[in-house]
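Just below is one structure, and these are the notes that go with it.
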Amino acid sequence: MLLWALLVIFAPASEQADWLTLMVPSSVFEGDNILLKCKGKDDSKIKTMTYYKNGIKVLSLKHVSSFSIYSAALSDSGNYYCSATLTTWRRNKHTSKTVEIKVQELFPRPVLTASSSLPLEGSPVTLTCKTQLPPQKLHVQLHFCIFRDHQTLWSGWSSSAELQIPAVWSEDSGSYMCEAETVTPRIRKQSLQSQIHVQRIPVSNVSLEIQATGGRVIEGGKLVLLCSVAKGTGNITFSWHREDPETSLGRKTQRSLSAELEIPSVKGRDSGEYYCRASNGHGAVQSKVVNILVHIPVSRPLFTLGAPGAQAMVGDVVELHCEALRGSPPILYRFYHKDVTLGNSSAPTGGGVAFNLSLTAAHSGNYSCEADNGLGAQRSEVVSLSISGPGGYGGKLLTVRVAGGLFGALGFAAVALLFYSCSRKISGESSAIEAFRGASSPNPEEGTPPSPLLALEEQQPVYVNVHSVGVDVIYSQVCSIQQPHSPANIKRALLENKDSPVIYSSVKKS
């Protein structure tokens, strides 16, 4: 009996191991469930069962049962075996052979790649989170996420491993990484960090352009100052200046190659030298200076008449002066008499101009002037001028010249004789004259020539031949007649101009 017991105790190890077998899957990937099953030749005799990993007890059971590892990880790899105690007295413990379980990666750690690690500002960049599933697991679905400085660049996970950035800027520089994970079971892996440095292009060739309605900067109009750069990336800060570099008219920061500053209503005092500056962090670059001249429309001119006395006389020379107190030169002045142009004169540097006029009786009336510098003409107020004839009589004296030997000695004697005859008032000799006067006067008793104070254009010369009284001399009387306005005017005219008729004579040749 003792001999049999010793034979069982010292039985070969292989025979003991063959009595108990540990069964495991042939291949295991991350996320798989691993089922370990320990089976003996006669499970009914097994009293307890224990599982080991790398020689360390993992699980002990009082009955026959399998051991499961859910969602296996790489750390679950190792050497596994099991042991069982029996209910028989002959030999109460058996141990299985050791089985190695190697959990394989479902996919390797992803690698984040960029189309350029030193991209220029404004250029596109493609980021790719690269990894690979094994042929046995191509059906597994992966999701991806990309981060910059631990901030996600997506709103969530995406089935695409690529992220296309249309344009990168200096603020996009930083540390990038990505993650890949399975949907079920959840296995997530993170890439190493990658540095991306976005290169900035400094600004260059800064220019200032003036934009104004009609191409001219006019007081009260809108002025736009456009500042542009030929090159430069990222956020560019534009500033506008007038003469004083420390004082800024305005400042704008934007991601563009140009910016504009608008002055809604420019003033005359805004004339001066302007320039702009641009900077994107590599030092400010200044444009060339642009001289802006604000053109001022002329104001309503002041018009004066420089008469030599209280009342101008025929033959006097008067000075017509016109001046616009505001307005950009050159200014063209025009002088008007009764809306008819008398002449014009230019003031190249501004100020006023004068125009000299030698007066005739026809120059009576209204005068004005006009100033124009191409931005709109302005007309002055009207000034009236009254002109008196020589000797103080208003209007213009009519002179009739008779050709031939009017001033001969014989003619002179005939004129004297005629005056003598008229003074006698012989009714037969003066009937024609009296008849003419009566026809031209409302009152026959007051039929006298009109006053030269009336307007020249209303006077009409009338020639009347006096009977020859039987001699070879012809007498003519010249009268200036107009329609009087009232008997009172006729009477006053008679008092002022009693000798207005002029009598000429000529000798009738036989």
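Residues of region 253-267 being loosely packed, with under 14 Cβ neighbours inside 10 Å and under 30 Å from residue 299 (Cβ atoms), which ones?
Matches in region 253-267: 262, 264, 265, 267.
If residue 249 satisfies every condition in (1) touching a residue at least 40 places away in the same chain (Cβ under 8 Å); (2) surrounded by 14 or more Cβ atoms within 10 Å (Cβ to Cβ); (3) within 29 Å of residue 171 (Cβ to Cβ) but one, which is the exception?
(1)
Can you name the condition, by its number, that residue 49 falls short on among (1) in a strand (DSSP E or B); (2) free of Cβ contacts under 8 Å to residues at least 60 places away in the same chain; (3) out of contact with any His (no Cβ under 8 Å at 6 or more places or on another chain)?
Failed condition: (3).
What number of residues within region 120-134 satisfy the criterion of being without any contact (Cβ under 8 Å) to a residue 40 or more places away in the chain and surrounded by 14 or more Cβ atoms within 10 Å (Cβ to Cβ)?
3
Got at least one residue in region 35-50 being crowded, with 18+ Cβ neighbours inside 10 Å, of a type in the set (Ser, Thr, Tyr), at pLDDT 90 or above and touching a Phe, Trp or Tyr at 6+ places or on another chain (Cβ under 6 Å)?
no
So which of 102, 62 is in contact (Cβ under 8 Å) with a residue 24 or more places away in the chain, surrounded by fewer than 13 Cβ atoms within 10 Å (Cβ to Cβ) and basic (Lys, Arg)?
Values: 62 fails: in contact (Cβ under 8 Å) with a residue 24 or more places away in the chain.
Within the list 102, 62, the selection yields 102.
Kindly indicate whether any position in region 135-142 is touching a Lys or Arg at 6+ places or on another chain (Cβ under 9 Å) and buried (at least 18 other Cβ atoms within 10 Å of the Cβ).
No.
I'm trying to understand the selection: among the residues of region 105-119, which are surrounded by 15 or more Cβ atoms within 10 Å (Cβ to Cβ) and farther than 30 Å from residue 141 by Cα?
119
Give the residues of region 260-284 that are closer than 22 Å to residue 230 by Cβ, assigned to a loop (DSSP other than H, G, I, E, B) and hydrophobic (A, V, I, L, M, F, W, C), sorted by residue number.
Filtering region 260-284 down to residues closer than 22 Å to residue 230 by Cβ leaves 260-261, 274-284.
Narrowing the set further to residues that are assigned to a loop (DSSP other than H, G, I, E, B) leaves 280-284.
Once the filter is applied, which keeps residues that are closer than 22 Å to residue 230 by Cβ, assigned to a loop (DSSP other than H, G, I, E, B) and hydrophobic (A, V, I, L, M, F, W, C), region 260-284 yields only 284.
Is it the case, given these coordinates, that residue 202 is modelled with pLDDT of 90 or more and surrounded by fewer than 17 Cβ atoms within 10 Å (Cβ to Cβ)?
Taking the combined requirement at face value, the residue satisfies it.
For region 375-391, which residues satisfy the criterion of being touching a residue at least 40 places away in the same chain (Cβ under 8 Å) and not hydrophobic (A, V, I, L, M, F, W, C)?
Hits for region 375-391 are 376, 378, 379, 380, 381, 386, 388, 389, 390.
In region 65-97, which residue that is among the hydrophobic types (A, V, I, L, M, F, W, C) and under 17 Å from residue 39 (Cα atoms) is surrounded by the most Cβ atoms within 10 Å (Cβ to Cβ)?
Ranking the qualifying residues of region 65-97, first place goes to 82.
Under 7 Å by Cβ, and 6 or more places apart or on different chains, what pairs join a residue from region 190-216 that is at positive phi with one that is of a type in the set (Gly, Ala, Ser)?
Hits for this filter: 205/230.
The values are calculated or read from the model by the stated rules, or taken from the named source; none is laboratory data. Nothing here was measured: the structure is a model prediction, and the numbers come from that model. Note: ideal-geometry Cβ built from the backbone for every residue, glycine included; neighbour counts use all protein chains shown.
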